[in-house]
Amino acid sequence: MPDPVSPEEASSKPPLHPTCEETTVVSLTPVGPSIDIAAGADKPLWLLDLVLPNWGRWRPGQFVMLRPAAWGLDPLWARPFSICMAEAGVLRVFFQDVGRGTAALTRIRPGERVVVWGPLGTSFAIRPQTPTLLLAGGMGLAPFIGYARVHPDLTDLHLILGHRQDQACYPLNLLPEGLSKEIMRQQSEEELQAFVEHLERKVLDYAVRDGLVLACGPHPFLRAVHGLALRHGVKTQLSLENRMACGVGACLGCVTEAAQGPPVRVCNQGPVFWATDIKL
């Protein structure tokens, strides 16, 4: 089992030695109740377990690019996924069927081969004895599962998950026992507004306590957190979910605007950025 880096080393630095390896599917499991897609509901969420590649180490917040061997030339590009967990010989990713690539991934079976390159990108900071607020928007829960599992002191952490689907669709059972958390569902404009107001109160509280805020989720969610972070002056890192093709900085398909200077590539200069370094 590769160990995550020590808390003293953890920061927004790229990995030293990402690898590209072919590995094997262990299992693919739908999460939560069955969903009637024909009725217009959201598509189901999935946990994919792979035999863990021969990594030396990984950092919470990093990602992998996956491409099943059975794809041939269609789809052509690999797909990026946050590392949900990497322990006990298993690499686990949490994903939703949202497009052609992820739909194809739902048809994979145990024993099939998958090319994995990673761990890629920058990571979330781990600062022991620092109050740390984890803000997850829906699928943005994925990297915080691994983050909480390797953090040296759960009493430093508080997680807020904002979501639309049924709570049973999220693998909350993978979070370590004893983690402080709030689960808030938004199904109406009123609930969404109440959620944003709650986020602002919490961000302000962590600013007063000289804490750390970490966020991952869809762009509108991150844009709201980004604004709150700058308004209240709290140290904040955001994990962006830009679409990627190559995953290694060659295609320039995932750039985002920097606070100063030229655009930055999310795949190899991110996906985790300090809020003060980017514009959303």
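Extending each Cα 7 Å along its Cβ direction at R164 and L76, get the distance between those two points in nm, one decimal.
About 3.0 nm, to one decimal.
What order do you get for H151, H232, H226 when you list them from fewest to most C-beta neighbours inside 10 Å?
Ranking H151, H232, H226 by Cβ neighbours within 10 Å, fewest first, gives H232, H226, H151.
Quick one: compute the contact order of the chain, relative version, from alpha carbon pairs under 8 angstrom and 6+ residues apart, as a percent. It would help to have the intermediate numbers written out before the result.
Details: 631 pairs, mean separation 54.0, N = 280.
Taking the mean separation of contacting Cα pairs over the length of the chain, I get 19 percent.
Which residue fluctuates the most in the chain, going by a Gaussian network model with Cα springs under 10 Å, if the choices are V208, V31, V51?
Maximum fluctuation in the GNM of the chain, among the listed residues, is at V208.
Would you list the membrane-span-like helices of the chain, meaning whole DSSP H runs whose alpha-carbon atoms span at least 15 Å along their axis and whose mean Kyte-Doolittle value is at least 0.0?
Passing helices, by number: 219-232.
For a quick check: sort R59, R164 by the number of other beta carbons within 10 angstrom, fewest at the front.
R164, R59
Can you tell me which of G261, G270, G140 moves the most in a GNM of the chain? Springs connect C-alpha atoms under 10 Å apart.
It is G261.
Based only on other Cβ atoms within 10 Å, what is the fewest-to-most ordering of T236, T29, T130?
T29, T130, T236
At a 10 angstrom cut-off on C-beta neighbours, averaged per residue, how do the peptides 193-203, 179-189, 211-221 rank from highest to lowest?
211-221, 193-203, 179-189
Hey, what's the Cα Rg ratio for the chain versus the globular rule of thumb, 2.2 N^0.38 Å?
That ratio works out to 0.96.
E190 to T29: extension gain in nm, 0.36 nm per residue of separation minus the Cα-Cα distance?
Result for the pair: 54.6 nm of gain on full extension.
Considering only P75, P18, P262, give the residue with the highest GNM mean-square fluctuation for the chain, with springs between Cα atoms whenever their separation is below 10 Å.
Comparing P75, P18, P262 in a Gaussian network model of the chain, the most mobile one is P262.
Only the coordinates and a few stated rules stand behind these numbers; no lab work does. Just so we're clear, the structure is a prediction, and the values are computed from it rather than from any experiment. Please note: Cβ atoms are built from the backbone with ideal geometry, for glycine as well, and neighbour counts cover all protein chains shown.
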